[in-house]
Structure formats: structure tokens, C-alpha cells
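Working notes, beginning with the structure itself.
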Amino acid sequence: YKGYTIEPKPFQEGGQYQTCGIISKEIDGVRKEHKFIRADRFPSLDDATETTLRKARQVIDEQGDRIFG
């Protein structure tokens, strides 16, 4: 997405899946990563994954490379 790689990494917490992921991008030959966890929880892995992707795109749109600072 816009030169970034988004890796959804939802995990189980209290019987539900919590929104979590990694945003990465290669900058000047160095791979930069930003891990994020949100409070959102869902009964299904698919819902958590879709929300993770949506939240990651939102972070990229709002902050761009600043997320690595």
C-alpha cells in the first residue's frame, strides 16, 4: 500500500482477536518497522484482520514515514 508493506498479526486475547499489525518500508536501503496494537477486539480472525488492514492504511495516510521516527 503506497510503498509500505502491511502484515496483519491479530492475536487471541480473552477469547477474541485483537487488532495488531506491522507496517514496514525500505528507506535508504534499511527496512523500517512500526508495530501497532489497537484495543479493538473481534470474535473472528477475518474481522480482526480486515480491521488491522484498514487501521494500517489510515496510519499510513495520516502519518507517512513519520511512523518510523
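The values are calculated or read from the model by the stated rules, or taken from the named source; none is laboratory data. Treat the numbers as computed from the prediction; the structure is a model and nothing was measured. Cβ placement follows ideal geometry from the backbone for every residue including glycine, while neighbour counts extend to all protein chains displayed. Areas reflect the complete protein model, heavy atoms only, side chains present, ligands, DNA and RNA absent. Shrake-Rupley method; radii C 1.70, N 1.55, O 1.52, S 1.80 Å.
Checking each residue in the range 40-57 for being without any contact (Cβ under 8 Å) to a residue 12 or more places away in the chain and of a type outside the set (Asp, Glu) picks out only Arg54. Can you find, within the range 9-20, the residue that is nearest to Gly69 (Cα to Cα) among those that are in a loop (DSSP other than H, G, I, E, B) and open to solvent by 70 Å² or more (accessible area, probe 1.4 Å)? Among those residues, the one meeting the criterion is Lys9. Exactly one residue out of Ile23, Ile6 is surrounded by 12 or more Cβ atoms within 10 Å (Cβ to Cβ) and either modelled with pLDDT under 95 or touching a Gly at 6+ places or on another chain (Cβ under 9 Å) (or both), and it is Ile6.
Which ones in the range 40-54 are more than 13 Å from Glu7 (Cβ to Cβ) and either modelled with pLDDT under 95 or surrounded by 17 or more Cβ atoms within 10 Å (Cβ to Cβ) (or both)? Of everything in the range 40-54, those that are more than 13 Å from Glu7 (Cβ to Cβ) and either modelled with pLDDT under 95 or surrounded by 17 or more Cβ atoms within 10 Å (Cβ to Cβ) (or both) turn out to be Asp40, Arg41, Phe42, Ala48, Thr51. When the range 28-37 is filtered for residues that are open to solvent by less than 80 Å² (accessible area, probe 1.4 Å) and over 13 Å from Ile6 (Cα atoms), the ones remaining, listed by number, are Gly29, Val30. The single residue among Ile23, Ile37, Ile67, Ile60 that is in contact with a helix residue (DSSP H, G or I) (Cβ under 8 Å, 6 or more places away or on another chain), without any contact (Cβ under 8 Å) to a residue 60 or more places away in the chain, part of a strand (DSSP E or B) and of a type in the set (A, V, I, L, M, F, W, C) turns out to be Ile23. Within the range 46-54, at least one residue is part of a helix (DSSP H, G or I) and aliphatic (A, V, I, L, M).
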